[in-house]
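Colleague: First the structure, which I've put down as structure tokens, then a few questions once you've had a look.
The values are calculated or read from the model by the stated rules, or taken from the named source; none is laboratory data. Nothing here was measured: the structure is a model prediction, and the numbers come from that model. Here the Cβ is made from the backbone with ideal geometry for all residues, glycine too, and neighbour counts use every protein chain on show.
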Amino acid sequence: QKEVEQNSGPLSVPEGAIASLNCTYSDRGSQSFFWYRQYSGKSPELIMFIYSNGDKEDGRFTAQLNKASQYVSLLIRDSQPSDSATYLCAVRSPGGTSYGKLTFGQGTILTVHP
Amino acid sequence: KAGVTQTPRYLIKTRGQQVTLSCSPISGHRSVSWYQQTPGQGLQFLFEYFSETQRNKGNFPGRFSGRQFSNSRSEMNVSTLELGDSALYLCASSPGGTSSSGLETQYFGPGTRLLVL
């Protein structure tokens, strides 16, 4: 089982729709969860982070965390063509062995078509 | 604040050569992490430096090494390059600290794209 798994893509949604990106993780002790967006040929850009169970909203983005189910998701409302990118879920576990280390999923490619 | 900078942005090397990549973190950040990104393996953690000390290391061979200077700038070195080392090398900066609470957000630089021929 991979440490961090994302829903297989690619995911295609029409402009204005809600895009839902999902991620599960295997380390039950994980505390910090991050979503990055990566455009083709560019480096990952932080979108959101979440530490506590529940929802966290920032503009059109909502991150949801359920530690009991070891599940984190990202919802993008009113999707725009400019949201087309690869979305990376990253998890950091506590403890000294995880200093500076994020474990990434394989990414989900999102395409928003006009 | 200026973001994370990496130099050079692109490199072409041949097998057997060595390469040194540089990373300057966000001002005030003391932790620098390095990652390798390839289409097949995705983003993989190489190592992390804080206050000139390597605190964590991923599962890469000893050909991959790094260091950090007193101004928090970091370098990574790959010796005896192999074709499989072709990748995007990313460094990420975070404030860092002695806590292991896991509440550190990382900001990535633009990366160095290395091609080994």
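Colleague: Looking only at the stretch A:13-27, which residues are in contact with a Gly (Cβ under 6 Å, 6 or more places away or on another chain) and under 13 Å from A:Arg60 (Cβ atoms)?
Modeller: Matches in the stretch A:13-27: none.
Colleague: Just give me the residues in the stretch B:63-86 being among the basic types (Lys, Arg) and under 11 Å from B:Val32 (Cα atoms), in sequence order.
Modeller: Those that are among the basic types (Lys, Arg) and under 11 Å from B:Val32 (Cα atoms): B:Arg67, B:Arg73.
Colleague: Tally time: how many residues in the stretch A:76-98 are more than 13 Å from chain B (Cβ to nearest Cβ) and crowded, with 16+ Cβ neighbours inside 10 Å?
Modeller: So the answer is 5.
Colleague: Just to check your reading of the model, which residue among A:Val72, A:Val13 is crowded, with 20+ Cβ neighbours inside 10 Å and of a type in the set (A, V, I, L, M)?
Modeller: On inspection, the qualifying residue turns out to be A:Val72.
Colleague: Tell me yes or no: at least one residue of the stretch A:81-89 is of a type in the set (A, V, I, L, M) and farther than 18 Å from B:Leu43 by Cα.
Modeller: So far as the stretch A:81-89 goes, no, none of its residues is of a type in the set (A, V, I, L, M) and farther than 18 Å from B:Leu43 by Cα.
Colleague: Right, next: How many of the residues making up the stretch A:1-34 are assigned to a loop (DSSP other than H, G, I, E, B) and within 14 Å of chain B (Cβ to nearest Cβ)?
Modeller: Qualifying residue count for the region: 9.
Colleague: Determine which single condition A:Gln31 fails, assuming it passes every other condition in (1) at pLDDT 95 or above; (2) under 14 Å from A:Thr103 (Cα atoms); (3) not hydroxyl-bearing (Ser, Thr, Tyr).
Modeller: The number of the failed condition is (1).
Colleague: With the requirement that a residue be small (Gly, Ala, Ser), assigned to a loop (DSSP other than H, G, I, E, B) and either within 23 Å of B:Ser70 (Cβ to Cβ) or under 14 Å from the mean Cα position of the chain (by Cα) (or both), what does the stretch B:1-30 give you?
Modeller: B:Ala2, B:Gly3, B:Ser27, B:Gly28
Colleague: Next up: Kindly indicate whether any position in the stretch B:89-109 is more than 12 Å from chain A (Cβ to nearest Cβ), surrounded by 15 or more Cβ atoms within 10 Å (Cβ to Cβ), in a strand (DSSP E or B) and at negative phi. Please lay out each step first, then the result.
Modeller: Taking the stretch B:89-109 first, the residues more than 12 Å from chain A (Cβ to nearest Cβ) are none.
No, there is no match, as no residue in the stretch B:89-109 is more than 12 Å from chain A (Cβ to nearest Cβ), surrounded by 15 or more Cβ atoms within 10 Å (Cβ to Cβ), in a strand (DSSP E or B) and at negative phi.
Colleague: If I ask for residues that are within 11 Å of the chain's Cα centre (by Cα) and facing chain B (nearest Cβ under 7 Å), which ones from the stretch A:35-54 would you list?
Modeller: Selection gives A:Leu46, A:Phe49.
Colleague: Out of all the residues in the stretch A:99-114, which are at the interface with chain B (Cβ under 7 Å from one of its Cβ atoms), part of a loop (DSSP other than H, G, I, E, B) and in contact (Cβ under 8 Å) with a residue 24 or more places away in the chain?
Modeller: A:Leu102, A:Gln106, A:Gly107 - these are the residues of the stretch A:99-114 that are at the interface with chain B (Cβ under 7 Å from one of its Cβ atoms), part of a loop (DSSP other than H, G, I, E, B) and in contact (Cβ under 8 Å) with a residue 24 or more places away in the chain.
Colleague: Among the residues of the stretch B:30-83, which ones are of a type in the set (Phe, Trp, Tyr) and away from chain A (no Cβ under 14 Å)? Show your work before the answer.
Modeller: At the first step, the residues of the stretch B:30-83 found to be of a type in the set (Phe, Trp, Tyr) are B:34-35, B:45, B:47, B:49-50, B:60, B:64, B:69.
Selection gives B:Phe64, B:Phe69.
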